[in-house]
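Step one of this worksheet: look at the structure below.
The values are calculated or read from the model by the stated rules, or taken from the named source; none is laboratory data. What you see is a predicted model; the values in this text were computed from it and never measured. Cβ coordinates were reconstructed from backbone atoms using ideal geometry, including for glycine residues, and neighbour counts include every protein chain displayed. To get the accessible areas, we keep the full protein, side chains included, count just its heavy atoms, and leave off ligands, DNA and RNA. Shrake-Rupley method; radii C 1.70, N 1.55, O 1.52, S 1.80 Å.
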Amino acid sequence: MKTIFGIICFIFILVGCEKKEEALLSEPVTYIEETSREEILNVYINEEVSLEAYEPIEGVYLGAFAEKNKDLNNDIINFEQAIGQEQAFRVFQYTKAQSINTQDILSCVANKQVPYIKYLLDENSSPKVYEFINDVGAVYSTPLFIELYPVTENITNPTAYKQQYQETYDLIKNYLPNATIVWSMDYTRIQDWAGYYPGNYMVDWVGLNIYLPRYKEETLFNEDISDVIDMWYKTFQEKKPMMISSLAISHFSNVDYTYIIADAKNKLKYFYQDIPQKYPRIKGILYIDINMQDLGGTDDYRVSIQSELAEYINQLTTNPLFLHEIKSEIDLNAKQYITYTLPILVYNNKHYLSEIYASQVFDSKSLNQVNAFKDLEGAIYYPLEDMQAYADFYF
C-alpha cells in the first residue's frame, strides 16, 4: 500500500462494485493530503476455526502453581482462598528430581480441578517418560494437560529437540491418548519458534512462559514485551488455541529491597484485562505464585501473600470472562475473532482498506456489497464502516 498519496492532493473516484472494471463515471472527489492520514490498526474478523480439546468458544481459564509456596503450605486451595477465586487448573512441575503421584491427581479430581503438568526436558528423558506415564496414568479418568518440553534458554539444538519431542509425544499419546498436549516457549525464545515448533499434528495448545523480574542480570528490567506477545499471538491464532502457560510478576527484589506494588498492579491489569480483550484466542492464564528467594533467586512473584495484589487480582478475575472449570464443547468448529494488523487510510473520520489487504482478509462476496473507491493510479480501497453491514468484524 502506498504511504505517500501526492504532494498536494489525492483523488478518490467513487466506483460502484459492479463497475470496478469499467470506465469511471463519477465526478472525482478531491481532498488535501493534510486531511488524510495512515494508521496501523488491529482488525478483528470473525472466522470459523477448528476447536481443539477443551477449548472454550469464549472465555479464559484460570490456573495457578502453588506447589512451592511454603506460606500456603504448597496448597492451591490456600491460593484460591487468598485471592478469592477458584482455579480451573492446578499446575505441577515434573522433573527428574520432582514427580507427582496418584494422590496429587485424585486431589485435583476432588477439587474439580484439572492437572496441568509441566514436563521438563532432561538429558535422561526416555526412561523418565515411562515413569511419568505410570505416575499420571494410574488414575487417568480426568482431563489432563501436559506441557511437553517447554523451550527454555537451556535448549539449543532444534533438531535433537524435535526428535525427542516426537518420540515422547508418540509414547504419551499411545498410553494416554486423551491427554491434551501443550507446546510452549519462554517469551525470550519466540524469535526461534520456527526451528522448534514440532508441527500442528503434534500440538493441541500453544503456550508462552513469561517471568517479569525486578532486575535482569543486575540491570533494572523495563522491557516492553507487548510486541513479543503480539507476534506470538498472530503466528498461532489460526493454528491453535493459546494460553499464557506461566505468568510471574515480581513485586519485590532483594537486589534493592524495594516493593513495586503499583508496577505489579499495572502488569496484572495488562495480562488479565487488556490481553483478553485484544487477543480473543488466548484461552488460559496460569499464574506462578512462587518466591524465588526461597530457591536462591532474587524476586518474589507471589500475589497470594501481598494483600493489595491479592485483592486486585480478585477484582480483575471477577469478570465473567474468566472460567473456573474446564469446558468440553460439543461443536468441533466455531467462530473466533482472528486479529489482523493492517495499514488503514483515515479520511473524514472514515477508514479505508486497500484492495491488496482486503482481498486477503475478506471474502469476495462481502467486498462486492459495498461501493469501492479508486484513485487515479487504479488502486482500489474499501470503506470499513460500510463493510460492517456485510461482514462480522470490528476494529
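A few remarks follow.
- Options 89, 273, 237, ranked by Cα towards positive dipole end of the chain, top entry (Cβ charges): 89
- Residue 202 - accessible surface, heavy atoms, 1.4 Å probe, Å² rounded to 10: 10
- In plain terms, if you count all Cα to Cα distances in segment 158-212 and split them into 5 Å steps from zero, the share in each step is 4, 18, 27, 26, 14, 8, 2, 0 percent.
- Angle in degrees between helix 307-317 and the longest Cα principal axis of the chain, rounded to the nearest 10: 50
- Isotropically averaged projected area of segment 300-376, using the convex hull of Cα atoms (one quarter of hull area), nm²: 11.2
- Per-selection Rg to Rh, segment 165-246 - Cα, Kirkwood hydrodynamic radius: 1.05
- Extension gain from residue 167 to residue 365, taking 0.36 nm per residue of separation minus the Cα-Cα distance: 66.7 nm
- At full extension, residue 266 and residue 375 could sit 34.8 nm farther apart than now, given 0.36 nm per residue minus the alpha carbon distance.
- Sites residue 257 and residue 328, calculated FRET efficiency, Cβ-Cβ separation with R0 45 Å, nearest 0.05: 0.40
- Note on Cα extents along the principal axes in Å: of the candidates (1) 77, 50, 40; (2) 61, 47, 37; (3) 73, 57, 48, the value calculated from this structure sits at (1).
- Helix 226-236 and the long axis of the chain differ in direction by around 90°, with both axes built from C-alpha atoms.
- Remark: segment 333-379 projects, on average over all directions, an area of 4.6 nm² (convex hull of Cα atoms).
- At full extension, residue 53 and residue 305 could sit 87.3 nm farther apart than now, given 0.36 nm per residue minus the alpha carbon distance.
- Per principal axis, descending, Cα span of segment 194-284 in whole Å: 47, 29, 18
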